[in-house]
Amino acid sequence: MSVVFAEASVLRTHSLAREIFTSVAGKWALTLINALAGRTLRFTELRAEVPGISQKMLTQTLRGLERDGLVRRTVYPTVPPRVEYAPADAGRALRSRVNGVCDWTGQYLDDIETARERYDAAPVTYGTEQGQTSYDEAPGAGGAR
């Protein structure tokens, strides 16, 4: 296996691809990429676009996105400094992929909700007899499921 392929595999524990994937798949990264939507926004405007995100999480997530080349940060030498964020080329490309995930979510939302309701209502069973569901944990070995 080539070094390039190894670094591009999200299945390898210590690959760059997995590190990037984990960063992008975090709670706020995709939401921020989607909120920027090809626009340039100031920090406070971006925070207003994403209800529920704290100032600390917004700062940390933007730093990570900037580090990965997904967001461009521009600081203007004014008093106080004006800082703007815009998607970089890689961020715009990622947004098109995010749109696909959003479309998938909309398409399967009802199915997923039904599956969750059925799962939550079903009694937990252990074993592999026909008609039973098998779970990794045995009774008493952890959570309810």
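The values are calculated or read from the model by the stated rules, or taken from the named source; none is laboratory data. Computed from a predicted structure; not experimentally measured. Glycine also receives a Cβ, built like all others from the backbone with ideal geometry; neighbour counts cover every protein chain displayed. Please note that ligands, DNA and RNA were not included when accessible areas were found on the heavy atoms of the full protein model with its side chains. Shrake-Rupley method; radii C 1.70, N 1.55, O 1.52, S 1.80 Å.
Accessible surface calculations at 1.4 Å, restricted to protein heavy atoms, place segment 32-86 at 61 Å² per residue.
Residue 30 sits among other residues whose Cβ lies under 12 Å from its own Cβ, and their net charge, with Lys and Arg +1 and Asp and Glu -1, is +3.
Rolled with a 1.4 Å probe across the full set of protein chains, the surface gives residue 45 an accessible area near 90 Å². Charged neighbours of residue 75, selected by a Cβ distance under 14 Å, balance to +3 (K, R count +1; D, E count -1).
Accessible-area rank, largest first, for 70, 30, 109: 109, 30, 70, with all protein chains present and a 1.4 angstrom probe. Amide H to amide H, with H built 1.01 Å from N, residue 71 comes under 5 Å of 66, 88, counting only residues 5 or more places away or on other chains. From the alpha carbon centroid of segment 36-103 to that of segment 11-25 is 20 Å. Sequence-ordered 3J(HN,Hα) estimates for segment 36-45 from the Karplus curve with 6.51, -1.76 and 1.60 and θ = phi - 60° stand at 5, 6, x, 9, 10, 10, 7, 3, 5, 5 Hz, glycine and proline given as x.
What the phi angles of segment 68-84 give under the Karplus curve with 6.51, -1.76 and 1.60, with θ = phi - 60°, is a coupling list of 7, x, 9, 10, 9, 10, 10, 10, 9, x, 10, 10, x, x, 9, 10, 10 Hz, glycine and proline written as x. Dividing the mean sequence gap of close Cα pairs (under 8 Å, 6+ apart) by how many residues segment 1-118 holds gives a relative contact order of 22 percent.
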